[in-house]
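Only one structure is covered here, and it is reproduced in the block below.
The values are calculated or read from the model by the stated rules, or taken from the named source; none is laboratory data. Worth saying up front: this structure is predicted, and the values here are computed from it rather than measured. Backbone-built Cβ (ideal geometry, glycine too); neighbour counts: all protein chains shown.
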Amino acid sequence: MNAVGAGILVILISIILFASRRWAVVGVMAGVIYLTQGQAIDLFGVNLYAIRVLGLCSFCRVIARKEFEFSKINGIDKLLLFTYGYRTLAFILNSNGSPIGAISLMLDVTFSYFAFRGLIRGIDDLVDFLRVFSILLGPYVALVSIEMLTMHNPFSYFGAVPESWVLRGDRLRCMGSFRHPSLFGTLGASFLPLYIGLVFTKNNRFNATMGIGFCLGIIFLSNSGGPLSFALIAVVGWLLWIIRKKMFLVRRMIAITFVLLVFFMKAPIYYLPAKLSAITGGDGWHRSYLMEVAFRHFGEWWFAGMPILRTKDWFPYLVSTGGADITNYYLDFGIEAGFVAMVIFVFFLIKLFQILGQALTIVRSNSTEPSESEFLLWGLGVMLAGHLFNWIGITYFDQTYVIWFMQVATISTIAQASTKTSGVPEPIYPSKLGMSRAKKPKSGRETRFRTIRPIRR
(Lines give C-alpha, C1' and ligand atoms only; values in the text may rest on other atoms or scores of the structure.)
Protein backbone atom coordinates (compact mmCIF):
# COMPACT_ATOMS: atom_id res chain seq x y z
CA MET A 1 0.00 0.00 0.00
CA ASN A 2 1.51 3.33 -1.06
CA ALA A 3 1.16 6.71 0.64
CA VAL A 4 -1.61 8.00 -1.61
CA GLY A 5 -3.67 4.86 -1.17
CA ALA A 6 -3.15 4.93 2.59
CA GLY A 7 -4.23 8.58 2.73
CA ILE A 8 -7.42 7.89 0.76
CA LEU A 9 -8.13 4.87 2.94
CA VAL A 10 -7.80 6.90 6.17
CA ILE A 11 -10.20 9.55 4.84
CA LEU A 12 -12.77 6.94 3.82
CA ILE A 13 -12.50 5.12 7.17
CA SER A 14 -13.15 8.43 8.95
CA ILE A 15 -16.24 9.04 6.83
CA ILE A 16 -17.54 5.53 7.47
CA LEU A 17 -17.02 5.67 11.23
CA PHE A 18 -18.07 9.24 12.05
CA ALA A 19 -20.35 10.54 9.28
CA SER A 20 -24.07 9.89 8.86
CA ARG A 21 -25.37 6.60 7.53
CA ARG A 22 -25.95 7.97 4.06
CA TRP A 23 -22.42 9.33 3.78
CA ALA A 24 -21.01 6.08 5.14
CA VAL A 25 -22.53 4.24 2.16
CA VAL A 26 -20.87 6.75 -0.15
CA GLY A 27 -17.56 6.19 1.64
CA VAL A 28 -17.63 2.45 1.04
CA MET A 29 -18.61 2.78 -2.63
CA ALA A 30 -15.97 5.46 -3.19
CA GLY A 31 -13.42 2.89 -2.03
CA VAL A 32 -14.87 0.37 -4.48
CA ILE A 33 -14.28 2.55 -7.53
CA TYR A 34 -11.19 4.56 -6.56
CA LEU A 35 -9.01 1.97 -4.77
CA THR A 36 -7.63 -1.16 -6.43
CA GLN A 37 -6.79 -4.50 -4.87
CA GLY A 38 -3.15 -3.46 -5.09
CA GLN A 39 -3.78 -1.40 -1.97
CA ALA A 40 -3.42 -4.23 0.54
CA ILE A 41 -1.50 -5.38 3.61
CA ASP A 42 -0.32 -8.97 3.94
CA LEU A 43 -1.24 -10.05 7.47
CA PHE A 44 -0.37 -13.68 8.36
CA GLY A 45 -1.04 -14.88 4.83
CA VAL A 46 -4.32 -12.96 4.48
CA ASN A 47 -4.49 -10.03 2.09
CA LEU A 48 -6.19 -7.13 3.84
CA TYR A 49 -7.37 -5.28 0.75
CA ALA A 50 -8.45 -1.69 1.20
CA ILE A 51 -12.04 -2.58 0.36
CA ARG A 52 -11.90 -5.42 2.90
CA VAL A 53 -10.80 -2.94 5.58
CA LEU A 54 -13.64 -0.60 4.62
CA GLY A 55 -16.13 -3.45 4.82
CA LEU A 56 -14.89 -4.42 8.28
CA CYS A 57 -15.06 -0.81 9.51
CA SER A 58 -18.59 -0.32 8.17
CA PHE A 59 -19.70 -3.60 9.77
CA CYS A 60 -18.24 -2.56 13.13
CA ARG A 61 -20.00 0.80 12.81
CA VAL A 62 -23.50 -0.61 12.24
CA ILE A 63 -23.07 -3.10 15.09
CA ALA A 64 -21.63 -0.55 17.55
CA ARG A 65 -24.32 2.02 16.76
CA LYS A 66 -27.05 -0.64 16.68
CA GLU A 67 -27.97 0.40 13.15
CA PHE A 68 -28.37 -3.31 12.49
CA GLU A 69 -29.20 -6.03 14.99
CA PHE A 70 -28.89 -9.73 14.26
CA SER A 71 -32.04 -10.34 16.29
CA LYS A 72 -33.98 -8.70 13.44
CA ILE A 73 -32.60 -10.61 10.47
CA ASN A 74 -35.14 -11.58 7.84
CA GLY A 75 -35.55 -14.60 5.59
CA ILE A 76 -33.29 -13.23 2.85
CA ASP A 77 -30.51 -12.63 5.39
CA LYS A 78 -30.71 -16.19 6.65
CA LEU A 79 -30.85 -17.64 3.15
CA LEU A 80 -27.82 -15.62 2.02
CA LEU A 81 -25.80 -16.86 5.01
CA PHE A 82 -26.91 -20.42 4.29
CA THR A 83 -26.09 -20.14 0.56
CA TYR A 84 -22.55 -18.87 0.97
CA GLY A 85 -22.00 -20.75 4.23
CA TYR A 86 -22.81 -24.07 2.53
CA ARG A 87 -20.47 -23.19 -0.32
CA THR A 88 -17.65 -22.39 2.10
CA LEU A 89 -18.17 -25.49 4.23
CA ALA A 90 -18.35 -27.87 1.25
CA PHE A 91 -15.26 -26.28 -0.28
CA ILE A 92 -13.24 -26.74 2.92
CA LEU A 93 -14.43 -30.25 3.79
CA ASN A 94 -13.71 -31.53 0.29
CA SER A 95 -10.24 -29.91 0.28
CA ASN A 96 -10.96 -28.14 -3.01
CA GLY A 97 -8.45 -25.39 -2.31
CA SER A 98 -7.07 -23.02 0.29
CA PRO A 99 -9.39 -22.83 3.33
CA ILE A 100 -8.04 -19.37 4.16
CA GLY A 101 -9.32 -17.98 0.88
CA ALA A 102 -12.74 -19.58 1.35
CA ILE A 103 -13.10 -18.30 4.92
CA SER A 104 -11.94 -14.83 3.87
CA LEU A 105 -14.61 -14.75 1.17
CA MET A 106 -17.30 -15.77 3.66
CA LEU A 107 -16.21 -13.01 6.02
CA ASP A 108 -16.31 -10.52 3.14
CA VAL A 109 -19.87 -11.63 2.40
CA THR A 110 -20.91 -11.18 6.02
CA PHE A 111 -19.21 -7.82 6.57
CA SER A 112 -20.28 -6.25 3.27
CA TYR A 113 -23.86 -7.46 3.22
CA PHE A 114 -24.82 -6.68 6.81
CA ALA A 115 -22.99 -3.35 6.73
CA PHE A 116 -25.21 -2.24 3.86
CA ARG A 117 -28.26 -3.73 5.59
CA GLY A 118 -27.66 -1.32 8.44
CA LEU A 119 -26.66 1.69 6.34
CA ILE A 120 -29.50 1.56 3.79
CA ARG A 121 -32.89 1.55 5.50
CA GLY A 122 -35.33 2.59 2.83
CA ILE A 123 -36.10 4.22 -0.50
CA ASP A 124 -34.94 7.64 0.70
CA ASP A 125 -31.49 6.28 1.55
CA LEU A 126 -31.21 4.66 -1.88
CA VAL A 127 -32.24 7.87 -3.65
CA ASP A 128 -29.74 9.94 -1.68
CA PHE A 129 -26.96 7.48 -2.45
CA LEU A 130 -27.73 7.41 -6.18
CA ARG A 131 -27.68 11.21 -6.31
CA VAL A 132 -24.24 11.47 -4.68
CA PHE A 133 -22.85 8.44 -6.51
CA SER A 134 -23.71 10.04 -9.87
CA ILE A 135 -21.35 12.88 -8.89
CA LEU A 136 -18.61 10.45 -7.80
CA LEU A 137 -18.80 8.70 -11.17
CA GLY A 138 -17.89 11.89 -13.05
CA PRO A 139 -14.17 12.11 -12.12
CA TYR A 140 -13.94 8.32 -12.28
CA VAL A 141 -15.15 8.19 -15.89
CA ALA A 142 -12.77 11.04 -16.72
CA LEU A 143 -9.80 9.04 -15.37
CA VAL A 144 -10.79 5.96 -17.36
CA SER A 145 -11.21 8.13 -20.47
CA ILE A 146 -7.54 9.05 -20.04
CA GLU A 147 -6.80 5.32 -20.13
CA MET A 148 -8.60 5.02 -23.46
CA LEU A 149 -6.89 8.05 -25.01
CA THR A 150 -3.35 7.35 -23.78
CA MET A 151 -3.50 3.54 -23.44
CA HIS A 152 -2.13 4.01 -19.93
CA ASN A 153 -4.27 3.19 -16.92
CA PRO A 154 -3.95 5.89 -14.20
CA PHE A 155 -5.09 3.36 -11.59
CA SER A 156 -2.01 1.21 -12.27
CA TYR A 157 -0.26 3.54 -9.80
CA PHE A 158 -2.20 1.73 -7.05
CA GLY A 159 -1.19 -1.72 -8.32
CA ALA A 160 -3.14 -4.92 -9.14
CA VAL A 161 -4.20 -3.58 -12.55
CA PRO A 162 -1.97 -3.49 -15.65
CA GLU A 163 -0.91 -0.22 -17.27
CA SER A 164 -2.79 -1.19 -20.43
CA TRP A 165 -5.14 -3.92 -21.60
CA VAL A 166 -5.79 -5.54 -24.93
CA LEU A 167 -7.49 -4.19 -28.00
CA ARG A 168 -10.78 -5.53 -29.30
CA GLY A 169 -11.19 -4.42 -32.85
CA ASP A 170 -9.73 -0.94 -32.99
CA ARG A 171 -10.66 0.07 -29.44
CA LEU A 172 -8.99 -0.49 -26.10
CA ARG A 173 -10.77 -2.53 -23.44
CA CYS A 174 -10.51 -0.22 -20.44
CA MET A 175 -10.71 -1.61 -16.92
CA GLY A 176 -10.24 1.34 -14.56
CA SER A 177 -9.68 0.20 -10.98
CA PHE A 178 -11.03 -3.31 -11.63
CA ARG A 179 -9.10 -6.41 -12.63
CA HIS A 180 -11.02 -7.14 -15.82
CA PRO A 181 -12.83 -4.98 -18.40
CA SER A 182 -16.04 -6.99 -18.02
CA LEU A 183 -16.09 -6.36 -14.27
CA PHE A 184 -15.47 -2.66 -14.87
CA GLY A 185 -18.36 -2.60 -17.34
CA THR A 186 -20.58 -4.45 -14.88
CA LEU A 187 -20.25 -1.47 -12.53
CA GLY A 188 -22.03 0.78 -15.03
CA ALA A 189 -24.46 -1.85 -16.29
CA SER A 190 -25.70 -2.84 -12.82
CA PHE A 191 -26.51 0.74 -11.79
CA LEU A 192 -28.08 1.68 -15.13
CA PRO A 193 -31.56 0.22 -14.28
CA LEU A 194 -31.59 2.12 -10.98
CA TYR A 195 -30.78 5.45 -12.60
CA ILE A 196 -33.50 4.86 -15.18
CA GLY A 197 -35.90 4.39 -12.28
CA LEU A 198 -34.57 7.54 -10.63
CA VAL A 199 -35.61 9.55 -13.70
CA PHE A 200 -39.25 9.08 -12.71
CA THR A 201 -38.79 10.49 -9.20
CA LYS A 202 -39.31 14.14 -8.33
CA ASN A 203 -36.38 16.59 -8.13
CA ASN A 204 -33.84 13.92 -9.15
CA ARG A 205 -33.96 13.94 -12.94
CA PHE A 206 -30.73 15.87 -13.41
CA ASN A 207 -28.72 13.46 -11.24
CA ALA A 208 -30.52 10.51 -12.82
CA THR A 209 -29.69 11.68 -16.35
CA MET A 210 -26.09 12.29 -15.32
CA GLY A 211 -25.93 8.81 -13.77
CA ILE A 212 -27.32 7.21 -16.93
CA GLY A 213 -24.74 9.02 -19.04
CA PHE A 214 -21.84 7.93 -16.84
CA CYS A 215 -23.09 4.32 -16.70
CA LEU A 216 -23.32 4.21 -20.50
CA GLY A 217 -19.85 5.74 -20.67
CA ILE A 218 -18.45 2.98 -18.45
CA ILE A 219 -20.09 0.31 -20.63
CA PHE A 220 -18.65 1.93 -23.76
CA LEU A 221 -15.16 2.23 -22.28
CA SER A 222 -15.14 -1.42 -21.16
CA ASN A 223 -15.71 -2.55 -24.76
CA SER A 224 -17.06 -5.87 -23.44
CA GLY A 225 -19.99 -7.99 -24.57
CA GLY A 226 -21.21 -8.92 -21.09
CA PRO A 227 -21.89 -5.36 -19.87
CA LEU A 228 -23.47 -4.51 -23.23
CA SER A 229 -25.83 -7.47 -22.90
CA PHE A 230 -26.59 -6.37 -19.33
CA ALA A 231 -27.50 -2.90 -20.63
CA LEU A 232 -29.76 -4.37 -23.33
CA ILE A 233 -31.55 -6.42 -20.66
CA ALA A 234 -31.99 -3.23 -18.64
CA VAL A 235 -33.64 -1.53 -21.61
CA VAL A 236 -35.90 -4.51 -22.30
CA GLY A 237 -36.78 -4.76 -18.62
CA TRP A 238 -37.91 -1.15 -18.53
CA LEU A 239 -39.86 -1.55 -21.79
CA LEU A 240 -41.81 -4.30 -20.02
CA TRP A 241 -43.01 -1.64 -17.57
CA ILE A 242 -46.03 -1.04 -19.82
CA ILE A 243 -47.23 -4.59 -19.12
CA ARG A 244 -45.95 -4.72 -15.55
CA LYS A 245 -49.22 -6.16 -14.25
CA LYS A 246 -49.11 -9.04 -16.73
CA MET A 247 -45.61 -10.33 -16.11
CA PHE A 248 -46.96 -13.86 -15.78
CA LEU A 249 -47.45 -13.78 -19.56
CA VAL A 250 -43.82 -12.74 -20.04
CA ARG A 251 -42.62 -15.62 -17.86
CA ARG A 252 -44.71 -18.06 -19.88
CA MET A 253 -43.39 -16.68 -23.15
CA ILE A 254 -39.81 -17.05 -21.92
CA ALA A 255 -40.48 -20.68 -20.98
CA ILE A 256 -42.12 -21.40 -24.35
CA THR A 257 -39.26 -19.72 -26.22
CA PHE A 258 -36.72 -21.76 -24.29
CA VAL A 259 -38.50 -25.02 -25.16
CA LEU A 260 -38.73 -24.05 -28.84
CA LEU A 261 -35.02 -23.23 -28.94
CA VAL A 262 -34.21 -26.63 -27.45
CA PHE A 263 -36.14 -28.34 -30.23
CA PHE A 264 -35.16 -26.19 -33.22
CA MET A 265 -31.54 -25.20 -32.54
CA LYS A 266 -29.06 -27.43 -34.32
CA ALA A 267 -26.51 -26.94 -31.55
CA PRO A 268 -27.32 -27.56 -27.85
CA ILE A 269 -29.09 -24.72 -26.03
CA TYR A 270 -25.96 -23.80 -24.10
CA TYR A 271 -24.37 -22.66 -27.36
CA LEU A 272 -26.77 -19.73 -27.48
CA PRO A 273 -24.13 -17.38 -25.91
CA ALA A 274 -21.78 -18.23 -28.78
CA LYS A 275 -24.43 -17.13 -31.29
CA LEU A 276 -25.30 -13.96 -29.36
CA SER A 277 -21.65 -12.93 -29.09
CA ALA A 278 -21.67 -12.42 -32.84
CA ILE A 279 -23.97 -9.44 -32.13
CA THR A 280 -22.78 -8.13 -28.76
CA GLY A 281 -19.12 -9.14 -29.05
CA GLY A 282 -17.12 -11.15 -26.56
CA ASP A 283 -15.85 -14.69 -26.37
CA GLY A 284 -19.20 -16.47 -26.45
CA TRP A 285 -17.65 -19.70 -27.70
CA HIS A 286 -15.59 -20.04 -24.52
CA ARG A 287 -18.71 -19.62 -22.36
CA SER A 288 -20.66 -22.18 -24.37
CA TYR A 289 -17.88 -24.74 -24.53
CA LEU A 290 -17.29 -24.31 -20.79
CA MET A 291 -20.87 -25.42 -20.12
CA GLU A 292 -20.48 -28.37 -22.49
CA VAL A 293 -17.26 -29.64 -20.93
CA ALA A 294 -18.59 -29.03 -17.39
CA PHE A 295 -21.68 -31.14 -18.08
CA ARG A 296 -19.45 -33.78 -19.63
CA HIS A 297 -17.50 -33.99 -16.36
CA PHE A 298 -20.61 -33.66 -14.18
CA GLY A 299 -19.83 -36.90 -12.36
CA GLU A 300 -16.56 -35.47 -11.07
CA TRP A 301 -17.93 -32.37 -9.34
CA TRP A 302 -21.67 -32.85 -8.69
CA PHE A 303 -21.32 -34.18 -5.13
CA ALA A 304 -19.10 -31.58 -3.41
CA GLY A 305 -17.12 -29.88 -6.18
CA MET A 306 -13.52 -30.53 -7.08
CA PRO A 307 -10.15 -28.72 -7.06
CA ILE A 308 -9.76 -26.22 -9.87
CA LEU A 309 -6.48 -27.89 -10.91
CA ARG A 310 -8.46 -30.90 -12.13
CA THR A 311 -9.95 -28.71 -14.87
CA LYS A 312 -6.57 -28.10 -16.49
CA ASP A 313 -7.37 -30.42 -19.42
CA TRP A 314 -10.74 -28.80 -20.19
CA PHE A 315 -9.20 -26.15 -22.48
CA PRO A 316 -5.98 -25.93 -24.46
CA TYR A 317 -5.14 -22.81 -22.44
CA LEU A 318 -4.99 -22.14 -18.69
CA VAL A 319 -5.33 -19.15 -16.38
CA SER A 320 -3.23 -18.11 -13.39
CA THR A 321 -5.08 -20.58 -11.11
CA GLY A 322 -3.61 -23.47 -13.12
CA GLY A 323 -7.01 -24.63 -14.35
CA ALA A 324 -9.78 -23.64 -16.73
CA ASP A 325 -11.15 -20.11 -16.84
CA ILE A 326 -14.53 -20.62 -15.11
CA THR A 327 -16.43 -17.68 -16.58
CA ASN A 328 -19.81 -18.78 -15.27
CA TYR A 329 -20.95 -17.94 -11.73
CA TYR A 330 -23.41 -20.83 -11.57
CA LEU A 331 -20.75 -23.35 -12.59
CA ASP A 332 -18.36 -21.65 -10.19
CA PHE A 333 -20.72 -22.60 -7.35
CA GLY A 334 -20.91 -26.16 -8.69
CA ILE A 335 -17.19 -26.71 -9.16
CA GLU A 336 -16.41 -25.09 -5.80
CA ALA A 337 -19.08 -26.88 -3.74
CA GLY A 338 -21.17 -29.25 -5.88
CA PHE A 339 -24.55 -29.35 -7.58
CA VAL A 340 -26.48 -28.79 -4.34
CA ALA A 341 -24.69 -25.45 -3.92
CA MET A 342 -25.87 -24.45 -7.40
CA VAL A 343 -29.46 -25.35 -6.53
CA ILE A 344 -29.33 -23.40 -3.26
CA PHE A 345 -27.94 -20.35 -5.08
CA VAL A 346 -30.71 -20.47 -7.71
CA PHE A 347 -33.31 -20.85 -4.96
CA PHE A 348 -31.85 -17.77 -3.25
CA LEU A 349 -32.26 -15.77 -6.46
CA ILE A 350 -35.86 -16.95 -6.83
CA LYS A 351 -36.64 -15.76 -3.31
CA LEU A 352 -35.18 -12.35 -4.14
CA PHE A 353 -37.58 -12.04 -7.07
CA GLN A 354 -40.47 -13.21 -4.91
CA ILE A 355 -39.88 -10.64 -2.18
CA LEU A 356 -39.60 -7.91 -4.81
CA GLY A 357 -42.89 -9.08 -6.33
CA GLN A 358 -44.60 -9.02 -2.94
CA ALA A 359 -43.33 -5.52 -2.24
CA LEU A 360 -44.52 -4.29 -5.64
CA THR A 361 -47.97 -5.76 -5.05
CA ILE A 362 -48.31 -3.95 -1.72
CA VAL A 363 -47.02 -0.64 -3.09
CA ARG A 364 -49.44 -0.81 -6.03
CA SER A 365 -52.37 -1.48 -3.72
CA ASN A 366 -51.88 1.91 -2.07
CA SER A 367 -52.35 4.03 -5.18
CA THR A 368 -53.75 3.82 -8.68
CA GLU A 369 -50.80 5.83 -10.01
CA PRO A 370 -47.18 4.57 -9.98
CA SER A 371 -45.21 5.86 -7.00
CA GLU A 372 -41.50 6.56 -6.62
CA SER A 373 -41.18 3.36 -4.60
CA GLU A 374 -42.68 1.32 -7.43
CA PHE A 375 -40.27 2.77 -9.99
CA LEU A 376 -37.22 2.00 -7.85
CA LEU A 377 -38.46 -1.47 -6.88
CA TRP A 378 -38.94 -2.20 -10.57
CA GLY A 379 -35.41 -0.94 -11.23
CA LEU A 380 -34.07 -3.32 -8.58
CA GLY A 381 -35.88 -6.19 -10.27
CA VAL A 382 -34.46 -5.29 -13.68
CA MET A 383 -31.00 -5.01 -12.13
CA LEU A 384 -31.35 -8.48 -10.60
CA ALA A 385 -32.44 -9.94 -13.95
CA GLY A 386 -29.37 -8.39 -15.55
CA HIS A 387 -27.09 -10.08 -13.02
CA LEU A 388 -28.73 -13.45 -13.75
CA PHE A 389 -27.85 -13.22 -17.44
CA ASN A 390 -24.45 -11.65 -16.79
CA TRP A 391 -23.34 -14.62 -14.69
CA ILE A 392 -23.59 -16.92 -17.69
CA GLY A 393 -20.39 -15.30 -18.94
CA ILE A 394 -18.50 -14.11 -15.87
CA THR A 395 -17.76 -14.68 -12.20
CA TYR A 396 -17.50 -11.78 -9.78
CA PHE A 397 -14.20 -11.23 -8.03
CA ASP A 398 -12.01 -8.26 -6.92
CA GLN A 399 -14.21 -5.48 -5.45
CA THR A 400 -17.17 -6.35 -7.67
CA TYR A 401 -18.58 -8.61 -4.97
CA VAL A 402 -19.12 -5.52 -2.79
CA ILE A 403 -21.32 -4.00 -5.49
CA TRP A 404 -23.34 -7.21 -5.70
CA PHE A 405 -23.88 -7.51 -1.95
CA MET A 406 -24.71 -3.81 -1.67
CA GLN A 407 -27.46 -4.31 -4.23
CA VAL A 408 -28.75 -7.50 -2.58
CA ALA A 409 -28.85 -5.77 0.81
CA THR A 410 -30.80 -2.92 -0.78
CA ILE A 411 -33.36 -5.36 -2.17
CA SER A 412 -33.72 -7.08 1.19
CA THR A 413 -34.09 -3.85 3.18
CA ILE A 414 -36.39 -1.93 0.84
CA ALA A 415 -38.63 -4.89 0.06
CA GLN A 416 -38.96 -5.65 3.76
CA ALA A 417 -39.72 -2.00 4.55
CA SER A 418 -42.33 -1.87 1.78
CA THR A 419 -44.15 -4.92 3.11
CA LYS A 420 -44.13 -3.61 6.69
CA THR A 421 -45.08 0.00 5.98
CA SER A 422 -47.56 -0.51 3.20
CA GLY A 423 -49.47 2.60 4.12
CA VAL A 424 -52.83 0.81 3.98
CA PRO A 425 -54.94 2.09 6.88
CA GLU A 426 -56.64 -0.36 9.15
CA PRO A 427 -60.30 -0.77 8.11
CA ILE A 428 -62.83 1.11 10.21
CA TYR A 429 -66.16 -0.53 10.96
CA PRO A 430 -69.23 0.68 12.83
CA SER A 431 -69.47 -0.32 16.47
CA LYS A 432 -71.97 0.19 19.22
CA LEU A 433 -70.20 3.34 20.37
CA GLY A 434 -69.79 4.81 16.91
CA MET A 435 -67.09 4.51 14.25
CA SER A 436 -64.04 2.72 15.65
CA ARG A 437 -61.48 0.11 14.69
CA ALA A 438 -63.78 -2.74 15.52
CA LYS A 439 -63.41 -6.33 14.46
CA LYS A 440 -64.67 -7.17 11.02
CA PRO A 441 -67.97 -9.10 11.00
CA LYS A 442 -67.66 -12.83 10.48
CA SER A 443 -69.75 -12.67 7.33
CA GLY A 444 -67.00 -10.67 5.63
CA ARG A 445 -69.38 -7.79 4.91
CA GLU A 446 -69.37 -4.40 6.50
CA THR A 447 -72.23 -3.59 8.88
CA ARG A 448 -74.63 -1.06 7.45
CA PHE A 449 -76.38 1.69 9.34
CA ARG A 450 -80.13 1.59 9.48
CA THR A 451 -82.41 4.42 10.39
CA ILE A 452 -84.27 3.96 13.70
CA ARG A 453 -87.54 5.81 13.82
CA PRO A 454 -88.70 7.24 17.17
CA ILE A 455 -91.69 5.56 18.81
CA ARG A 456 -94.81 7.69 18.75
CA ARG A 457 -96.82 7.88 21.92
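Determine which single condition residue 278 fails, assuming it passes every other condition in (1) at pLDDT below 85; (2) within 24 Å of residue 380 (Cα to Cα); (3) among the hydrophobic types (A, V, I, L, M, F, W, C).
(2)
If the requirement is being polar (S, T, N, Q), over 17 Å from residue 372 (Cα atoms) and out of contact with any Cys (no Cβ under 6 Å at 6 or more places or on another chain), which of these qualifies: 153, 207?
Among 153, 207, only 153 is polar (S, T, N, Q), over 17 Å from residue 372 (Cα atoms) and out of contact with any Cys (no Cβ under 6 Å at 6 or more places or on another chain).
Output the residues belonging to the range 358-397 that are within 21 Å of residue 327 (Cβ to Cβ) and either of a type in the set (S, T, N, Q) or assigned to a loop (DSSP other than H, G, I, E, B) (or both).
Selection gives 390, 391, 392, 393, 394, 395, 396, 397.
Residues checked against (1) out of contact with any Cys (no Cβ under 9 Å at 6 or more places or on another chain); (2) aliphatic (A, V, I, L, M):
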position: 81; (1), (2): yes, yes
position: 97; (1), (2): yes, no
position: 144; (1), (2): no, yes
position: 172; (1), (2): yes, yes
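So which residues in the range 31-51 are under 30 Å from residue 123 (Cβ atoms) and out of contact with any helix residue (DSSP H, G or I) (no Cβ under 6 Å at 6 or more places or on another chain), if there are any at all?
Result: 34, single match.
Return the pair list, or none, for Cβ contacts closer than 7 Å from residues in the range 283-312 that are more than 13 Å from residue 328 (Cα to Cα) and modelled with pLDDT of 90 or more to residues that are in a helix (DSSP H, G or I) and among the aromatic types (Phe, Trp, Tyr), at least 6 apart or on different chains.
Between residues of the range 283-312 that are more than 13 Å from residue 328 (Cα to Cα) and modelled with pLDDT of 90 or more and residues that are in a helix (DSSP H, G or I) and among the aromatic types (Phe, Trp, Tyr), the close pairs are 302/339.
Being closer than 18 Å to residue 141 by Cα, in contact (Cβ under 8 Å) with a residue 60 or more places away in the chain and not small (Gly, Ala, Ser) is the filter here; which residues of the range 195-224 pass it?
Within the range 195-224, 195, 207, 210, 214, 215, 218, 221 qualify.
Identify, please: which residue in the range 388-405 is out of contact with any Gly (no Cβ under 7 Å at 6 or more places or on another chain) and buried (at least 23 other Cβ atoms within 10 Å of the Cβ) and is, among those, modelled with the lowest pLDDT?
399
Which condition from (1) under 26 Å from the mean Cα position of the chain (by Cα); (2) surrounded by 22 or more Cβ atoms within 10 Å (Cβ to Cβ) is the one that residue 311 breaks?
(1)
Answer yes or no: is there a residue in the range 336-356 that is at pLDDT 90 or above, β-branched (Val, Ile, Thr), touching a Gly at 6+ places or on another chain (Cβ under 8 Å) and within 18 Å of residue 86 (Cα to Cα).
No, that holds for no residue.
If only one of 232, 194 is in contact with a Leu (Cβ under 8 Å, 6 or more places away or on another chain) and either surrounded by fewer than 21 Cβ atoms within 10 Å (Cβ to Cβ) or of a type in the set (A, V, I, L, M) (or both), which one is it?
That would be 194, the only listed residue that is in contact with a Leu (Cβ under 8 Å, 6 or more places away or on another chain) and either surrounded by fewer than 21 Cβ atoms within 10 Å (Cβ to Cβ) or of a type in the set (A, V, I, L, M) (or both).
Each row is one residue, and each column tells you yes or no for (1) under 30 Å from residue 343 (Cβ atoms); (2) surrounded by fewer than 23 Cβ atoms within 10 Å (Cβ to Cβ); (3) touching a Lys or Arg at 6+ places or on another chain (Cβ under 6 Å).
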residue: 48; (1), (2), (3): no, yes, no
residue: 52; (1), (2), (3): yes, yes, no
residue: 55; (1), (2), (3): yes, no, no
residue: 81; (1), (2), (3): yes, yes, no
residue: 85; (1), (2), (3): yes, yes, no
residue: 91; (1), (2), (3): yes, no, no
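Being assigned to a helix (DSSP H, G or I) and either touching a residue at least 60 places away in the same chain (Cβ under 8 Å) or in contact with a Lys or Arg (Cβ under 8 Å, 6 or more places away or on another chain) (or both) is true for just one of 355, 279, 256, 350. Which residue is that? Give the derivation first.
Details: 279 fails: either touching a residue at least 60 places away in the same chain (Cβ under 8 Å) or in contact with a Lys or Arg (Cβ under 8 Å, 6 or more places away or on another chain) (or both); 256 fails: either touching a residue at least 60 places away in the same chain (Cβ under 8 Å) or in contact with a Lys or Arg (Cβ under 8 Å, 6 or more places away or on another chain) (or both); 350 fails: either touching a residue at least 60 places away in the same chain (Cβ under 8 Å) or in contact with a Lys or Arg (Cβ under 8 Å, 6 or more places away or on another chain) (or both).
Within the list 355, 279, 256, 350, the selection yields 355.
Taking residue 242 as meeting all but one of (1) without any contact (Cβ under 8 Å) to a residue 40 or more places away in the chain; (2) in contact with a helix residue (DSSP H, G or I) (Cβ under 7 Å, 6 or more places away or on another chain), write down the number of the exception.
All conditions pass for residue 242, except number (2).
Just the residues that are under 22 Å from residue 347 (Cβ atoms) and without any contact (Cβ under 8 Å) to a residue 40 or more places away in the chain, please, taken from the range 106-116.
106, the sole residue that qualifies.
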